[in-house]
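First comes the structure, then the notes that go with it.
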Amino acid sequence: MEKIIDLEEAKKVINECHDLNELNNLRVTYLGKKSALSLAMAQMGKLKPEERAVYGKSVNDLKNELNNAINAQKAQLELAKLNETLQKETIDISLPGQSFEVGSKGIVAQVIDEICEICIGLGFSIAEGPEVESDHFNFEMMNIPKGHPARDMQDTFYIDETTLLRSHTSPVQAHVMLAAQGKGPIKVICPGKVYRRDEDTTHSHEFHQIEALVVDKGITMADLKGILLTIARKMFGEKREIRLRSSFFPFTEPSVEVDVSCFQCEGKGCNLCKGTGWIELLGAGMVHPNVLKGAGFDPNVYTGYAFGIGVERVAMLRYGIEDMRYLFANNVNIMKQFKKER
């Protein structure tokens with residue numbers, strides 16, 4: 001039987017190979033479909049039956065020897081490559097670590113979270129509604145029919161004649177009352193974005209409000225004053241006082257503007273309160289009977305109160321921010337000043 005391949009010479013070539021790609025090429029050369037071994041196996045059919053067993057064993061032994069040699073060399077090359085990589089990527093654990101600055105919530109988000117946390121602690125639940133609203137919910141169910149002069153108070157973004165970007169979060173109250181089907185109690189706050197055609201240092205075309213609504217039997221103005229005083233003290237300090245000034249909102253009657261005693265000068269008069277000792281905080285009032293009736297509540301049985309807080313206004317007051325646009329400027333230097341530690 002002819003010698004198929006010089007095993008010792010083949011092993012020498014394999015052991016002197018120091019590249020994985022070249023080693024793979026040697027595997028194809030010695031063990032591939034077109035290799036001498038494969039051709040030798042194809043010749044077995046021409047042998048006599050008594051010769052096939054001996055010939056087949058010798059070919060398989062040769063194949064195993066080559067395969068073992070290639071695998072052994074491959075393991076050595078892979079280990080060498082791994083060691084080289086580890087040497088290049090060695091980490092000096094004695095070096096100081098790199099610090100990564102952790103971000104934080106924006107000022108507006110922080111104030112929203114704080115107000116919501118206070119109100120939840122007072123028994124309110126959170127309700128949300130669509131920002132793209134119908135004229136019916138935004139105005140008519142809030143006792144502002146078409147042609148009502150109060151519509152001029154809110155310069156609204158209309159999408160079409162009946163659809164708009166909500167100009168306040170009060171429509172959420174209408175959705176909540178309708179879902180209640182004329183039965184109380186209701187005690188919700190409604191945080192969210194609102195949109196109006198304003199943009200100057202104290203107003204923006206997009207801002208945030210938190211509306212509150214309470215409807216039940218026997219709700220009075222005293223309940224409203226008590227909850228507003230509690231919220232003011234939790235937000236601005238336990239020494240704060242509030243005062244209610246008569247005002248007008250179509251969806252409340254009576255309506256009031258709510259002022260809080262100045263937390264900078266303690267009521268003595270300063271630039272923040274413009275020398276009055278009081279800071280205008282929010283609008284509030286008792287839910288108008290027309291609003292209750294429109295949502296399916298009997299105003300002879302149920303009463304309620306509502307108030308609305310402008311989040312940006314609270315943030316500007318608390319942190320002494322003079323230009324509302326700073327709240328949305330994404331200026332890292334500004335945001336760092338109000339970052340809360342985790």
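The values are calculated or read from the model by the stated rules, or taken from the named source; none is laboratory data. Everything quoted here is computed from the prediction, not taken from an experiment. All Cβ positions, even for glycine, are placed from backbone atoms using ideal geometry, and neighbour counts span all protein chains on display.
Annotations for the structure displayed:
- Sole exception among (1) in contact (Cβ under 8 Å) with a residue 40 or more places away in the chain; (2) under 60 Å from the mean Cα position of the chain (by Cα) for residue 32, by number: (1)
- Odd one out for residue 187, checked against (1) closer than 22 Å to residue 112 by Cβ; (2) modelled with pLDDT under 95: (2)
- Options 118, 93; residue that is aliphatic (A, V, I, L, M) and either part of a loop (DSSP other than H, G, I, E, B) or modelled with pLDDT under 85 (or both): 93
- Filter result for residue 58 (farther than 24 Å from residue 228 by Cα, of a type in the set (Ser, Thr, Tyr) and outside the structural domain of residue 209 (by TED's automatic domain parsing)): yes
- Sub-8 Å Cβ pairs linking a first residue in the stretch 233-254 that is in a loop (DSSP other than H, G, I, E, B) to a second residue that is among the basic types (Lys, Arg), at least 6 apart or interchain, are 239/233; 240/233, ordered by first then second residue.
- Residue ID - surrounded by the fewest Cβ atoms within 10 Å (Cβ to Cβ), chosen from residues in the stretch 1-54 that are farther than 15 Å from residue 69 by Cα, assigned by TED's automatic domain parsing to the domain that holds residue 66 and acidic (Asp, Glu): 50
Conditions (1) among the acidic types (Asp, Glu); (2) surrounded by 10 or more Cβ atoms within 10 Å (Cβ to Cβ); (3) assigned by TED's automatic domain parsing to the domain that holds residue 212, marked per residue:
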residue	(1), (2), (3)
70	no, yes, no
78	yes, yes, no
82	no, yes, no
93	no, no, no
97	no, no, no
101	yes, no, no
117	yes, yes, yes
120	no, yes, yes
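- Residues located in the stretch 225-240, provided they are under 17 Å from residue 266 (Cβ atoms) and surrounded by 14 or more Cβ atoms within 10 Å (Cβ to Cβ): 229, 232, 233, 235, 236, 240
- When the stretch 314-326 is filtered for residues that are in contact with a Ser or Thr (Cβ under 9 Å, 6 or more places away or on another chain) and either outside any helix (DSSP H, G or I) or free of Cβ contacts under 8 Å to residues at least 40 places away in the same chain (or both), the ones remaining, listed by number, are 322, 323.
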